[in-house]
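Structure, as structure tokens:
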Amino acid sequence: MPGKLWQSWRRLWRLRHLKEAYRPLLSEDDGALVSIDCETSSLKVKEAEILSIAAVRIEGNRLRTSDAFYTLIKPQRALDHENIRVHGLRPRDFDAGLPLEEALEKFLRFTGGRTLLGYYLQYDIAVLNKHLKPILGAALPNHEVEVSGHYYDWRFADYPDGYIDLSWETIIKNLHIPALPRHDAMNDAITVGMMYLALQARGHSESPALAPVSSSSVSDKPPETGSALPPPPPPPPSRLGQGDFE
């Protein structure tokens, strides 16, 4: 994940190149953080259709699950058996889904220009940008916070010569947070928010340490990454394709 200075420059450049209609919306940033997750039909960005999107706003010291965004999106192609097995979504579940462009418009109005938080966020952003660039005129200008990078920093401080497992299950176990059912966009977005708080509560942020994590509390601003570290090892194959981030 790029550093904050580079992200700030990138944000200004992208805002300048946005279509005028979207510039005011994506310029808005009230300091809140938004944990996002997309469930898709493929691990390869070029082939992936977005099946669902979730976003949960983090304000003050709370994860605002009562004020969250979630939608199913009608796929353009029939889902194969593997997708149905992984996501638990049957064709009839998408009857109430939104067309892709309408879902993306609602997602943008929920997130605005706030910082986006995720687990291997690079994939979600790449899939979103594939569809949003033609609409916006540029890629999303939002700052990004990668929760696995902050977890890596935390573990590296105690085990500088050890292997650091960045798998979803290991992070949940070591941070002592509830394990919600996976491959559900809302559950995953909530879990990432709890991961973020757990790390900030352990002092892995420039802001003061918070109380121990619970399922209803979270930090109010994205943390700063510490000193430059080598990039984390490749993500679990269940989350990403083979570097397909074009």
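Using a cutoff of 8 angstrom between alpha carbon atoms and counting only pairs six or more residues apart, the relative contact order for the range 4-221 works out to 27 percent. Residue pairs exceeding 31 angstrom between C-alpha atoms, taken from LYS133/LYS173; LYS46/LYS106; LYS74/LYS133; LYS19/LYS44: LYS133/LYS173. Ranked from largest to smallest solvent-accessible area, with a 1.4 Å probe on the protein heavy atoms, TYR123, TYR70, TYR22 come out as TYR70, TYR22, TYR123. Per residue, the accessible area of the range 4-221 comes to 47 Å², computed with a 1.4 Å probe over protein heavy atoms only. In terms of overall dimensions, the C-alpha atoms belonging to the range 4-221 reach 47, 43, 35 Å along their principal axes, ordered largest to smallest.
Of SER41, SER66, SER27, which has the most accessible area and how do the rest follow, probe 1.4 Å?
Values: SER41 30, SER66 110, SER27 55 Å².
So the residues, ranked largest to smallest area, are SER66, SER27, SER41.
Students often forget the sequence filter, so: which lysines lie under 21 Å Cα-Cα from LYS4 once same-chain residues fewer than 8 apart are removed? The qualifying lysines are LYS221. Between the C-alpha center of the range 32-65 and that of the range 129-200 there is a gap of 11 Å.
Leaving ligands, DNA and RNA out of it, report the carbon-plus-sulfur percent of the accessible area of the range 4-221 at a 1.4 Å probe.
Of the solvent-accessible surface of the range 4-221, carbon and sulfur hold 52 percent.
The values are calculated or read from the model by the stated rules, or taken from the named source; none is laboratory data. Worth saying up front: this structure is predicted, and the values here are computed from it rather than measured. Only protein heavy atoms, including side chains, enter the accessible area calculation; ligands, DNA and RNA are left aside. Shrake-Rupley method; radii C 1.70, N 1.55, O 1.52, S 1.80 Å.
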